[in-house]
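This report concerns only the one structure given below.
The values are calculated or read from the model by the stated rules, or taken from the named source; none is laboratory data. These figures come from a predicted structure and were not determined experimentally. Cβ: placed from backbone, ideal geometry, glycine included. Neighbour counts: every protein chain shown.
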Amino acid sequence: MPTPSDPAPCDLDEQLYECLECGERLCSASSPPACPVCDGVLQNLSRPRPE
């Protein structure tokens, strides 16, 4: 399965989210409740992961 391409770099006030279900990536200034494509869980990739 091909890896989805990243969207264009996010604006300064936006963060990058990736869907854990389908791999869709999107930029958003607000925290989206669910993936707009498959309604799956979104993970914020802009925040560093806890160690």
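Take Leu45 and decide whether it is at pLDDT below 95 and out of contact with any strand residue (DSSP E or B) (no Cβ under 7 Å at 6 or more places or on another chain). Taking the combined requirement at face value, the residue does not satisfy it. For region 1-36, the set of residues classified as at pLDDT below 90, small (Gly, Ala, Ser) and under 17 Å from Arg47 (Cα atoms) consists of Ser31 only.
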